[in-house]
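Chemist: Take this structure, written in structure tokens, and hold onto it; I'll ask about it next.
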Amino acid sequence: MQTNRILVVGVSGAGRATLPAAIQARIAQAELLYGAARLLAEWPDCAGEQIAIGNNIAQMVERLRGRGDTRAVVLGTGDPRGLRHR
């Protein structure tokens, strides 16, 4: 099933190994993968474009808004469940 949602994943300090295999697979299949450089380094098997988050937040948001059906994942540290689109 294709979904147009953006997957936001919180990665603990222990890294990739702490995530379920299904989430790891979705990250590896992303066409756009955003995150800090150290998080992106955990997914060298991601064939999609990897974009390091820095001071480019506004550009990142605009690109995500206009992505169409592109599978996108945003990696962060900690627990992203407190985030809500307003």
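The values are calculated or read from the model by the stated rules, or taken from the named source; none is laboratory data. Bear in mind the structure is a predicted one, so any value in this text is a computation, not a measurement. When we count neighbours, we look across all protein chains shown, and the Cβ atoms used for this are built from the backbone with ideal geometry, even at glycine. What goes into the accessible areas is simple: the full protein's heavy atoms, side chains included, and nothing from ligands, DNA or RNA. Shrake-Rupley method; radii C 1.70, N 1.55, O 1.52, S 1.80 Å.
Chemist: Hand me the list of helices (runs of 4 or more DSSP H) wholly inside segment 1-65 holding 3 or more residues that are of a type in the set (D, E, K, R) and either more than 11 Å from L75 (Cβ to Cβ) or in contact with a strand residue (DSSP E or B) (Cβ under 6 Å, 6 or more places away or on another chain) (or both).
Modeler: Details: elements: 21-28, 37-40, 57-65.
Result: 57-65.
Chemist: Does segment 66-79 hold any residues that are under 10 Å from the mean Cα position of the chain (by Cα) and either polar (S, T, N, Q) or outside any strand (DSSP E or B) (or both), and which are they?
Modeler: Taking segment 66-79 and keeping what is under 10 Å from the mean Cα position of the chain (by Cα), we get 71-76.
Matches in segment 66-79: R71 only.
Chemist: Sort out which residues of segment 38-59 are open to solvent by 70 Å² or more (accessible area, probe 1.4 Å), aliphatic (A, V, I, L, M) and in contact (Cβ under 8 Å) with a residue 12 or more places away in the chain, and write them in order of number.
Modeler: Correct list: A47 only.
Chemist: Further question: From L83, L7, L64, L19, grab the single residue that is modelled with pLDDT under 95 and open to solvent by 50 Å² or more (accessible area, probe 1.4 Å). Before the answer, list the steps.
Modeler: Working: L7 fails: open to solvent by 50 Å² or more (accessible area, probe 1.4 Å); L64 fails: open to solvent by 50 Å² or more (accessible area, probe 1.4 Å); L19 fails: open to solvent by 50 Å² or more (accessible area, probe 1.4 Å).
None of the others qualify; the one that does is L83.
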